[in-house]
Amino acid sequence: MLFLRSGLFFVGQVITAPIFTLIALLALPLNPITRNNLISGWARSMLWWLKVTCNIRYEITGLENIPHSPTIILSKHQSAWETFAFQAIFPTQVYVLKRELLWIPIFGWGLAMSSPIAINRAAGREALKQLVEKGKDRLAKGLWVVIFPEGTRIAPKKRGKYHIGGAWLAVHTQTPVLPVAHNAGDFWPKGFIKTPGVIEMHIGTPIQTAGLKTDALNQQVENWIEAEMETLTVR
């Protein structure tokens, strides 16, 4: 049954992805916020389809902590779920991602239309420079920036290295950071099968970056996220 449900969800993704890619292309002349709001319709529809086919729902603690001005979200990354859910939960956003994702047929083309901050991770300090330049541009346009500091999906109960990119951008743009923890990997792990249940997401209070050094901010974010992960329960 889990295989069938997961298969139905996948079919829905395959059928609808080209439609929203076309919408993204047609929306190219529009301003980034309007364009991204149209593109995020796919994410919202997939969250509904996920609930219908796989019976995966979510609950959020800390919605009152979401600021009204552009902010940098630093989040745990366990699943593809958060890339959909954030588009329904937070104001219009862009993602910091590896540039290779934009090369994926159809999906990557639509992703490119959402004004992501695509960087070459192998570029070292040059990548940080690109991150700040592009990050300033997106924030100035009223877009939020989402970064997964561990850089890749981390399995439940595991912990990756927290890279400094997100903290670096926050400090160099004097932008608040919003830490986020969730347990989506318990229900939508890497792979095909998805398990019914309720994903818990906890949103922390914004961290003001004035006077903070990059390493100190990065450590503060890591400490909060990892401590919060210990409180999440699987239902």
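As an exercise: evaluate residue 139 against (1) within 25 Å of residue 185 (Cβ to Cβ); (2) buried (at least 19 other Cβ atoms within 10 Å of the Cβ) and give the number of the one condition it does not meet.
(1)
Starting from the stretch 111-129, keep only residues that are on the phi < 0 side of the Ramachandran plot, then list their pairs with residues that are assigned to a loop (DSSP other than H, G, I, E, B) whose Cβ atoms are within a distance under 9 Å, requiring at least 6 positions of separation or different chains.
What qualifies is 111/104; 113/27; 113/28; 114/40; 121/151; 126/120; 127/120; 128/164.
When you go through 83, 61, 71 one by one, which is the residue that is crowded, with 21+ Cβ neighbours inside 10 Å and of a type in the set (Ser, Thr, Tyr)? Working first, answer last.
Working: 83 fails: crowded, with 21+ Cβ neighbours inside 10 Å; 61 fails: crowded, with 21+ Cβ neighbours inside 10 Å.
Of 83, 61, 71, the one residue that is crowded, with 21+ Cβ neighbours inside 10 Å and of a type in the set (Ser, Thr, Tyr) is 71.
Hey, can you tell me all the residues within the stretch 197-208 that are touching a helix residue (DSSP H, G or I) at 6+ places or on another chain (Cβ under 8 Å), exposed (fewer than 15 other Cβ atoms within 10 Å of the Cβ) and of a type outside the set (Val, Ile, Thr)?
Scanning the stretch 197-208 gives no hits.
Pick out, from the stretch 119-235, the helices (runs of 4 or more DSSP H) lying fully within it that include 2 or more residues that are of a type in the set (Asp, Glu).
By residue number, 125-140, 214-229.
I'd like the full set of residues that are among the hydrophobic types (A, V, I, L, M, F, W, C), exposed (fewer than 13 other Cβ atoms within 10 Å of the Cβ) and not in a helix (DSSP H, G or I), limited to the stretch 1-29.
1, 28
Working only within the stretch 209-221, note down all residues that are surrounded by 19 or more Cβ atoms within 10 Å (Cβ to Cβ) and not hydrophobic (A, V, I, L, M, F, W, C). If you could, list the steps in order and put the result at the bottom.
Step one: of the stretch 209-221, the residues surrounded by 19 or more Cβ atoms within 10 Å (Cβ to Cβ) are 209, 217-218, 221.
Residues satisfying the conditions are 209, 218.
Bear in mind these aren't lab numbers, they're just calculated from the coordinates by the rules spelled out. This is a predicted model, so every value here is computed, not measured. Virtual Cβ from ideal backbone geometry, glycine too; neighbours counted across all protein chains shown.
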